[in-house]
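Only one structure is covered here, and it is reproduced in the block below.
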Amino acid sequence: MKKKNIFIKTFGCQMNEYDSNRIYDNVSKLGFIKTEDQENAECYILNTCHIRDKAKEKVYHEIGRVKKLYRNKKKPIMVVAGCVAQAENEEMLKREPYIDIIIGPQAYHKINDLLIEHEFNLKQEETEFDTISKFGYFDNIKNNNNKISAFLTIQEGCDKFCSFCVVPYTRGPEYSRPFNKIINEAEQLIENGAREITLLGQNVNAYSYKQNSKEFRISDLINHLNKYSELKRIRYTTSHPRDMTDDLIDCYSTSQKLMPFVHLPIQSGSNRMLELMNRKHTVDDYIKVYEKLKNINKEIEFSSDFIIGYPGETKKDFEDTYNLIKKIKFINSFSFIFSPRPGTIASKLKMIDENTSKARLNLIQKELFNNQIEKNKSMRNNIIDVLVENKMKNQNKFFGRNKYISPVICDGTENNIGKIVRVKIQTSNQNTLFGSVYNNMKAA
Ligand code: SAM
Ligand code: SF4
Ligand code: F3S
């Protein structure tokens with residue numbers, strides 16, 4: 001089989017990263033080899049995200065860049081995948097003739113057929129929601145990802161329809177993969193060297209798979225994964241407050257491997273806004289979950305997502321969000337100004353003044369960033385557990401993460417990779433902790 005280079009550029013969330021790896025597992029059967037050199041590829045994939053801003057325009061801009069890179073060379077097969085592909089579908093082929101293939105997130109099992117058909121110069125568009133066939137197909141293809149920290153999709157899609165969000169339209173209805181297929185894939189990842197697995201889903205804690213009248217939940221997956229001695233850490237993202245059930249909360253006391261860090265998006269601290277956003281939970285519901293988790297393990301830290309300047313947000317609504325951030329000291333969070341997305345209910349609503357949104361975003365980010373800086377400072381001179389993931393490029397330093405997922409840069413040896421080592425933290429900034437390996441003998 002003739003070897004051909006493939007370059008995959010990934011935007012957006014962790015699920016897109018997982019998908020890019022699975023696309024690669026698939027196309028490698030056709031002889032494609034992943035390259036880091038974006039100027040010398042026979043196939044160029046843009047795996048896109050549609051969550052905010054001018055996502056569509058960004059894709060056309062990227063294609064313009066690729067065109068320039070290949071001006072004097074043979075054009076690569078240009079594939080647009082991901083959520084923009086799903087949302088825009090054949091419109092993109094019409095507008096940009098440089099694109100050869102458009103493929104939505106639920107059609108990745110068909111990418112090899114599309115690449116083969118492309119040899120006959122056919123432009124292709126595949127954006128059917130065919131989730132069951134997709135996962136069924138990929139269940140038979142080994143996951144070759146060999147990262148120390150690996151992603152594993154257990155659930156995809158969303159039925160919640162928050163009024164601002166495109167995900168239900170780009171990823172389709174909620175679907176939970178069969179329990180045993182997820183476990184098979186986790187075993188492959190562990191065999192490939194994974195020491196941390198992050199279970200993924202747009203509503204990961206809504207995972208529900210029924211077999212022989214038993215319902216498997218994410219708590220069952222966590223309890224099962226707990227048994228693999230090589231696996232040191234378990235995480236999951238992104239969860240919804242409404243699906244934070246007691247069986248999952250209990251995992252924080254029964255599983256030593258489940259990291260005490262909960263990313264739980266609230267979006268706003270105002271019940272009025274949550275209602276307008278169709279979030280299906282209140283601030284009180286959120287605080288109850290927070291308190292239950294803190295009661296189970298006071299070490300647990302939280303992060304969240306916030307949308308600022310949602311249509312109708314008053315000064316009082318914003319102050320409610322600000323006060324919530326003062327109350328719950330989130331240690332890192334994502335906050336963005338509301339971005340109207342085509343096809344969503346909120347896209348038809350009147351936007352609030354842009355400068356007001358910007359000023360509000362600044363205020364909450366100041367508070368959120370300050371929490372992050374203070375949390376990192378509090379770890380200085382402490383000896384903490386770090387899972388070392390890799391040696392850094394062009395540096396004699398190693399990269400890892402602490403239990404709260406903060407990046408840690410430390411000295412050490414190749415031998416530390418894939419192990420949990422004790423690191424003495426010397427200094428820190430907003431995002432990163434810096435230190436030295438303290439005592440390898442204590443490595444887990
Ligand atoms: N399923 C998760 C949940 O329920 O919170 C969120 C998944 S979404 C991929 C990630 C984040 O993007 C959301 O939590 C929200 O804060 C942000 N987001 C989604 N749509 C947005 C929009 N139209 N404007 C700004 N931020 C948005
Ligand atoms: Fe989007 Fe999450 Fe709401 Fe679903 S629950 S619509 S993914 S924000
Ligand atoms: Fe973006 Fe789609 Fe993920 S819109 S955030 S790539 S689910």
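Throughout, read-outs are computed from the coordinates displayed, never taken from laboratory work. Source: prediction; values computed, not measured. Here the Cβ is made from the backbone with ideal geometry for all residues, glycine too, and neighbour counts use every protein chain on show.
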> Taking the simple approach of a point 7 Å from Cα along Cα-to-Cβ for both Met392 and Thr245, what is their distance in nm?
Replying inline: 4.3 nm
> If eta is 1.567 mPa s and T is 4 °C, what Stokes-Einstein diffusion coefficient results for the stretch 110-170, Kirkwood Rh from Cα pairs, in µm²/s?
Replying inline: 87 µm²/s
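Just to be sure I understand: if I project the alpha-carbon convex hull of the stretch 38-154 onto a plane and average over all orientations, what area do I get in nm²?
Details: hull surface 34.2 nm².
In nm², the orientation-averaged hull projection of the stretch 38-154 is 8.5.
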>> Per residue of the stretch 401-417, what does 6.51 cos²θ - 1.76 cosθ + 1.60 with θ = phi - 60° give for ³J(HN,Hα)? Whole Hz please, x for Gly and Pro, Karplus curve as stated.
In response: 9, 7, 5, 8, 6, 6, x, 10, 10, 9, 7, x, 10, 3, 4, 6, 4
> For the residue pair Lys366 and Leu349, what label-to-label distance in nm results when each label sits 7 Å from Cα along the Cα-to-beta-carbon direction?
Replying inline: 2.6 nm
>> Amide H of Ile337 versus every other amide H placed in the peptide plane: which residues, excluding those fewer than 5 positions away on the same chain, fall under 5 Å?
In response: Ile308
> So which GluC sites (Glu not before Pro) in the stretch 279-345 end up in coil per DSSP with only 14 or fewer other C-beta atoms within 10 Å?
Replying inline: Glu299
> Based on the alpha carbon coordinates of the stretch 1-107, what radius of gyration and maximum Cα-Cα distance (Dmax) apply, in Å?
Replying inline: 13.1, 42
>> Placing unit charges on C-beta atoms (Lys and Arg positive, Asp and Glu negative, everything else neutral), compute the dipole magnitude of the stretch 4-130 about its Cα centre in debye, rounded to 20.
In response: 600 debye
>> Please report the net charge: other residues with Cβ closer than 15 Å to the Cβ of Arg217, K and R +1, D and E -1.
In response: -3
> Roughly speaking, what is the stretch gain from Ile116 to Glu57, that is 0.36 nm per residue apart minus the C-alpha to C-alpha distance, in nm to one decimal?
Replying inline: 18.4 nm
>> Please report the antiparallel percentage of the DSSP beta bridges confined to the chain, to the nearest 5.
In response: 35 percent
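D for the chain, whole µm²/s, Stokes-Einstein with Kirkwood Rh over alpha-carbon pairs at 25 °C and 0.890 mPa s: what number?
On the way: Rh = 23.3 Å.
Value of D from the Cα-based Kirkwood radius: 105 µm²/s.
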> Just in the stretch 283-375: which trypsin sites (Lys or Arg not before Pro) are loop by DSSP and have at most 12 other Cβ atoms within 10 Å?
Replying inline: Lys298, Lys350
>> From the helices alone, meaning DSSP H stretches of at least four residues, give me the mean residue ellipticity at 222 nm for the chain, per-run term -39500 (n - 2.57), in deg cm²/dmol to the nearest 500.
In response: -10000 deg cm²/dmol
>> Suppose we look only past 28 Å in the calculated P(r) of the stretch 134-375. What percent of the Cα-Cα pairs does that tail hold?
In response: 37 percent
>> If I model a spin label at Thr282 and Gln211 as a point 7 Å from the Cα along the Cα→Cβ vector, what separation in nanometres do I get?
In response: 3.9 nm
> When N is the residue count of the stretch 383-442, what does its C-alpha Rg come to as a fraction of 2.2 N^0.38 Å?
Replying inline: 0.96
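Full extension from Glu291 to Glu319: what is 0.36 nm times the residue separation minus their Cα-Cα distance, to one decimal in nm? The partial results should precede the final answer.
Numbers: separation 28, 0.36 × 28 = 10.08 nm, distance 2.17 nm.
Residue separation times 0.36 nm, minus the Cα-Cα distance, leaves 7.9 nm.
How large is the Kirkwood hydrodynamic radius of the stretch 290-444, in angstrom, based on all distinct alpha carbon pairs? Intermediate values should be presented prior to the final figure.
Values: mean 1/r = 0.0560 Å⁻¹.
For the stretch 290-444, the Kirkwood estimate is 17.9 Å.
Suppose a student asked you for the relative contact order of the chain, using Cα pairs under 8 Å spaced at least 6 residues apart; what percent would you report?
Details: 870 pairs, mean separation 42.2, N = 444.
Relative CO of the chain lands at 10 percent.
Using DSSP to call loops (not H, G, I, E or B), can you name the trypsin sites (Lys or Arg not before Pro) in the stretch 1-47 whose Cβ has at most 12 other Cβ atoms within 10 angstrom?
Working: sites: Lys2, Lys3, Lys4, Lys9, Arg22, Lys29, Lys34; in loops: Lys2, Lys3.
Counting only loop positions with at most 12 other Cβ atoms within 10 Å, the trypsin sites (Lys or Arg not before Pro) in the stretch 1-47 are Lys2, Lys3.
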>> Going 7 Å from the Cα of Glu230 along its beta-carbon direction, which residues of the stretch 131-149 have the amide nitrogen within less than 17 Å of the resulting point?
In response: 142-149
> Among Leu293, Leu363, Leu221, which one moves the most in a GNM of the chain with springs linking Cα atoms closer than 10 Å?
Replying inline: Leu363
